[in-house]
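This report refers to the structure that appears directly beneath it.
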Amino acid sequence: MQFSSWFGRKKYHSVEQHKKYKPSYNQQSNDPISKDLQENINEIHNLFTQTPDLIVRQFTIKQTGHQAALIYLNGLTDKNAINNYVLRPLQFETGSAEGIGGLALTVGQINLLHTWRQIESVIFQGSSVLLVDGRDEAYALGTQGWPQRAIEDPQLETSLKGAHQGFVETSSQNIALIRRYIPNRELKIKELLVGRRGQSVLSILYLADVAHPEVLQELVDRIQQLDVDIIMNTGELAEYIEDNPYSPFPQFILTERPDAAASQILQGRFVVVVECSPSVLIAPVTFASFFQNIDDYSTRWSIATFMRLLRYFAFFVAIFLPAFYIAVLSYHFEIIPIKLLLTIGEFRGRVPFPPFVEAVIMEITLEMMREAGVRLPAPVGQTVGIVGGIVIGQAIVQAGLINNIMVIVVAFTAIASFILPNYDMVAAVRLIRFAMMLAASMFGFVGIIVGMMTMVGHLVALESLGTPYSSPFAPVRFADWKDTFVRLPLWKMVNRPLSARPVQLERKGPNRPKGDES
């Protein structure tokens, strides 16, 4: 007896049969619009089958006496705008009109459409389409009004002294937030449409007199070569266009802060805004860019420098501390002071596992608690993180599975990873940590050194949109060292960073106002 007969036989198609089926997105018609209104309405119903939220409103234009139809999707349009600025003027006003086509339309944005593909695209983007009997063109009316949330404080990138406004899922609002920081006519926007099943709108923002045109062209070429159904968020776009998709290190910065995005634009970089995504993409970037925070430029330079050095120290601690612990206990215990060695030996005598297995157990436990705290609601997540860490840590030590020193090492490693300001870089550090632990368990300090050399070599060879990822260290650019490990006073940073490849270098005057120096 076959198992398929228990549940009913299914008929599966071969690969050759699947190739015969043509996807529906290829059936978009590029035919012109007819002059007959009823024929156009029939075509609308043929295009939008099984679409109960499609509204087709037929009426008579009082000015001309022609029949017309207004088509839009319920839920994607602003009903007040349609009633007050479209239907009311067309149905009740009799005066002469100077608008497009002699129609008394008071809506803000009006575009002419000539093909059915254009009509289908604008309807799904939230516009309403006006068809008039006797005219072989349609009018796309800017009546978008889809559901959207209010501008709130960024969730992942908190700031002490920065702005408390974060990006939302509407690209027009995100662009407006950036324009508030850069009210300059040189701020240009290049729009691209990507997707076969849905036209995702991608907007590239840059300063025309600062950004390098070759980098812009490279970014545009990579986006235009995408052949996907749709781009739903910025993370998908970053994975599609990055230089090395197999690298654990992020090659673009994803930020939800408008002030951070505006700051990068002023340095000569590009910001990509994706519709329906609450974060934007910044390119090109360097390794040092992930250790900079917007608060660094609103605090005194000495404090910002200390925080920068602390972040770099935390980066190496988060990667190498568990590996260093494993290497010392497995191969190089002779470097431990005798009193500390006796203490560690006392704790280790009750643990049945080698240091590597001990470290892996604790690291995996930490990662599980971290993910549980993130996925659960905020009040419950904090409880799981605190209570779970204390209870599990205490119980696992008393059970003799892990020693106290290992708990301290893992806790210090977790705190070090929390200091890093960029979530994507933190995720890369968490992944590399396990590789370093494995190398240390096999070869001791030699494995750690080889692993470090491999990581450094990879960083040197890596690029972000064709720009060296390890700049300004490789290649060496001493002019950019003013804003890497340290953050010199703002009046010392006269030029923009060379790693952004700006066309115009100068961003401030060479002098600063003199105060009372007596």
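Tabulated data for the structure shown
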| item | result |
| --- | --- |
| Scope the range 462-498; condition small (Gly, Ala, Ser), under 26 Å from the mean Cα position of the chain (by Cα) and either surrounded by fewer than 18 Cβ atoms within 10 Å (Cβ to Cβ) or assigned to a loop (DSSP other than H, G, I, E, B) (or both); matching residues | 466, 470, 471 |
| Selection from the range 297-337 of residues that are free of Cβ contacts under 8 Å to residues at least 12 places away in the same chain, within 30 Å of residue 490 (Cβ to Cβ) and open to solvent by less than 90 Å² (accessible area, probe 1.4 Å) | 302 |
| Some residue of the range 441-459 being open to solvent by 50 Å² or more (accessible area, probe 1.4 Å), within 18 Å of residue 252 (Cα to Cα) and either modelled with pLDDT under 90 or of a type in the set (D, E, K, R) (or both) | no |
| Of all residues in the range 29-63 being assigned to a helix (DSSP H, G or I) and open to solvent by less than 40 Å² (accessible area, probe 1.4 Å), the one that is nearest to residue 104 (Cα to Cα) | 37 |
| Test: residue 268 is modelled with pLDDT under 95 and farther than 20 Å from residue 507 by Cβ | no |
| Set 70, 130: member being in contact with a Phe, Trp or Tyr (Cβ under 6 Å, 6 or more places away or on another chain), within 16 Å of residue 33 (Cα to Cα) and in a strand (DSSP E or B) | 130 |
| The one condition in (1) closer than 17 Å to residue 301 by Cα; (2) touching a strand residue (DSSP E or B) at 6+ places or on another chain (Cβ under 7 Å) that residue 475 fails to fulfil | (1) |
| Within the range 201-305, strands (runs of 3 or more DSSP E) holding 3 or more residues that are of a type in the set (A, V, I, L, M, F, W, C) | 270-274, 280-283 |
| Residue within the range 114-121 that is of a type outside the set (Gly, Ala, Ser), within 21 Å of residue 148 (Cβ to Cβ), outside any helix (DSSP H, G or I) and more than 34 Å from the chain's Cα centre (by Cα) present | no |
| Single match in 512, 507 (criterion: charged (D, E, K, R) and free of Cβ contacts under 8 Å to residues at least 40 places away in the same chain) | 512 |
| Residue, surrounded by the fewest Cβ atoms within 10 Å (Cβ to Cβ), within the range 167-200, restricted to residues that are of a type in the set (Lys, Arg) and in a loop (DSSP other than H, G, I, E, B) | 185 |
| Test result for residue 411, under 39 Å from the mean Cα position of the chain (by Cα), at pLDDT 85 or above and crowded, with 16+ Cβ neighbours inside 10 Å | no |
| Some residue of the range 120-140 being without any contact (Cβ under 8 Å) to a residue 24 or more places away in the chain and buried (at least 20 other Cβ atoms within 10 Å of the Cβ) | yes |
| The listed residue being closer than 24 Å to residue 510 by Cα and out of contact with any helix residue (DSSP H, G or I) (no Cβ under 6 Å at 6 or more places or on another chain), out of 456, 460, 476 | 476 |
| Output for the range 257-292, where each listed residue is β-branched (Val, Ile, Thr) and closer than 16 Å to residue 237 by Cβ | 271, 272, 273, 274, 280, 282, 285 |
| Among (1) within 28 Å of residue 456 (Cα to Cα); (2) buried (at least 21 other Cβ atoms within 10 Å of the Cβ); (3) within 15 Å of the chain's Cα centre (by Cα) - the single one residue 239 does not satisfy | (2) |
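The values are calculated or read from the model by the stated rules, or taken from the named source; none is laboratory data. Note that this is a predicted model, so its numbers are computed, not measured. We place every Cβ from the backbone using ideal geometry, glycine too, and count neighbours over all the protein chains shown. Protein only, heavy atoms only, side chains kept; ligands, DNA and RNA dropped before computing areas. Shrake-Rupley method; radii C 1.70, N 1.55, O 1.52, S 1.80 Å.
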